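The values are calculated or read from the model by the stated rules, or taken from the named source; none is laboratory data. Nothing here was measured: the structure is a model prediction, and the numbers come from that model. Backbone-built Cβ (ideal geometry, glycine too); neighbour counts: all protein chains shown. The accessibility values were calculated without ligands, DNA or RNA, using every heavy atom of the protein model including side chains. Shrake-Rupley method; radii C 1.70, N 1.55, O 1.52, S 1.80 Å.
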Amino acid sequence: MVEMIDKIKTLAKNGEKEIIELRRHFHMNPETSWNEVETTKRIAEELKKIGCENIKVGFGGTQCGVIADIVGGKPGKCVALRADIDALPLNDEKDVPYKSKKAGAMHACGHDSHAAALIGAVKVLTALKGELKGKVRLLFQPAEEHGIRPGAKALIDGGALEGASAVFGIHVMSTVSSGVLEYRSGPFMAGADSWETTIGGRGGHGSAPEGAIDPTIAAFEIGNAIQTVISREISPRDTAVISVGGMKTSSYVFNIIPDRVEMCGTVRTFRPEVQERVRAAMTRLFKTLGEAYRCKIDFKYTPLLPSTINDPDMTTLAKSVAESVLGAKNVRESELVMGSEDFSHYGKVVPAVFVNLGVASAEKKSDMPHHSPKFDVDESVLWNATALHAAFAWKFLEEN
Ligand code: NI
């Protein structure tokens, strides 16, 4: 085991230069969600060159996304490794030679690093193919950032997990020190939902409320009341957020009572039971308070992304792999993360584990927030992500 991890680390480190070059190529040529056509082509080319089998390109009715297999020399199970590949609609404001060449597109979440590190791992695992027990499925997934049409769902619908027994994913993290890995068993990242409502009243003169049905009063009341869902209807041991993202009246004039108010917002939860409770309570409050104020309520609650729940056994495996690759002192438990990930969809199909790898270095200016126009990563960490992918796959196949 130790010997194999050392071999993997050496191979990953030997590929470091290429991993960084690839990362910079993707960084300079970013493509936003469901536009990753050239990125996809480049990845497919690399996989072909390395000698992958069953390469399949294009998911969700697009030319975006690649899956492929590394078929080991011995019989065994199939484990999937996932990297997302999309960029964000932002202008790159960094002053570096590998700055984005495209206006309005930037890799501001590190998915360029994910793609490059996984390609590195494909090389490592291919070099060890003869000793692999089973298959490694590679998932280069588009549109993680899309939210409404998640790439993970499209890959699953396209058969990406067929025959797979587990899936592993890594995210680089600019809020965690370079080379430190954070893991968490069970609920890890929040699920994200959206909601919207129309509160219908009857418009009228601001001086004569008796002739109108004022929807603003219902909106104020409901806006306050839904916060009691968090404080009074779910356990204090659970974590959830309800936020109002927007509020719009049908008219905006000092002496007119509008006939309609529209509101929208988001809900974040970690457990399906809590999500369901929040949804039910919000639906009830909108309906009953709306009625109490004589308004007509149209309330729509849309689950967007499930929470990312790490399988306990997979988490134990990932932790032990991380300790051998990075050293135990660089591996620690994560807090709950309020952000969301479409990786969660994979965990609904097979046991899954998602971990965060720190890339924050003040000296390398890689400690800017994710999704900020100055986001960057500490590239010296990337070969570690490669080694982690390869070591996880190898150990899973060895032990299952
Ligand atoms: Ni991301």
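For segment 251-340, how big is the tail of P(r) above 15 Å, as a whole percent of Cα pairs?
Counting pairs separated by more than 15 Å, the tail of P(r) holds 74 percent.
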For segment 191-305, what percent of Cα pairs sit more than 23 Å apart?
-> 31 percent
Under unit Cβ charges (Lys, Arg +1; Asp, Glu -1), what dipole magnitude, rounded to 20 debye, does the chain have relative to its Cα centre?
-> 440 debye
Rounded FRET efficiency, nearest 0.05, which uses the C-beta distance separating residue 56 from residue 399 and R0 of 22 Å | 0.20
HN-Hα J in Hz across segment 46-53 - Karplus 6.51, -1.76, 1.60, θ = phi - 60°, x for Gly and Pro = 4, 5, 5, 4, 6, x, 6, 10
Report the longest stretch of the chain that contains none of the GluC sites (Glu not before Pro) sitting in a DSSP loop with at most 16 other Cβ atoms within 10 Å.
-> 163-334
Given the chain, what percent of its DSSP beta bridges are antiparallel, to the nearest 5?
-> 65 percent
For residue 300 and residue 328, compute 0.36 nm times the residue count separating them, minus their Cα-Cα distance, and round to one decimal in nm.
-> 5.4 nm
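Residues with beta-carbon under 9 Å from that of residue 299, excluding residue 299: net charge, scoring Lys, Arg +1 and Asp, Glu -1?
0
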Of 222, 362, 316, farthest towards positive along the dipole that unit charges on Lys, Arg, Asp, Glu beta carbons give the chain = 316
Listed by chain and number, the lysines with an alpha carbon less than 24 angstrom from that of residue 364, same-chain partners under 8 positions apart left out, are 9, 13, 17, 94, 99, 101, 102, 329, 374
Tell me, what is the per residue accessible area of the chain in Å², probe radius 1.4 Å?
-> 43 Å²
Share of carbon and sulfur in the accessible heavy-atom surface of segment 1-114 [1.4 Å probe, %] = 51 percent
Beyond 30 Å, what percent of the Cα pairs of the chain remain?
-> 45 percent
Hey, rough spin-label estimate for residue 162 and residue 220, points 7 angstrom out along Cα→Cβ, what's it come to in nanometres?
-> 5.9 nm
Signed unit charges on C-beta, dipole axis of the chain, positive-most listed residue 178, 207, 35 | 35
What FRET efficiency do you get for residue 253 and residue 49 if R0 is 51 Å and r is their Cβ-Cβ distance, rounded to the nearest 0.05?
-> 0.20
Please state the charge dipole magnitude for segment 191-305, taken about the Cα centre, from unit charges on C-beta atoms (+1 on K and R, -1 on D and E), reported in debye and rounded to the nearest 20.
-> 200 debye
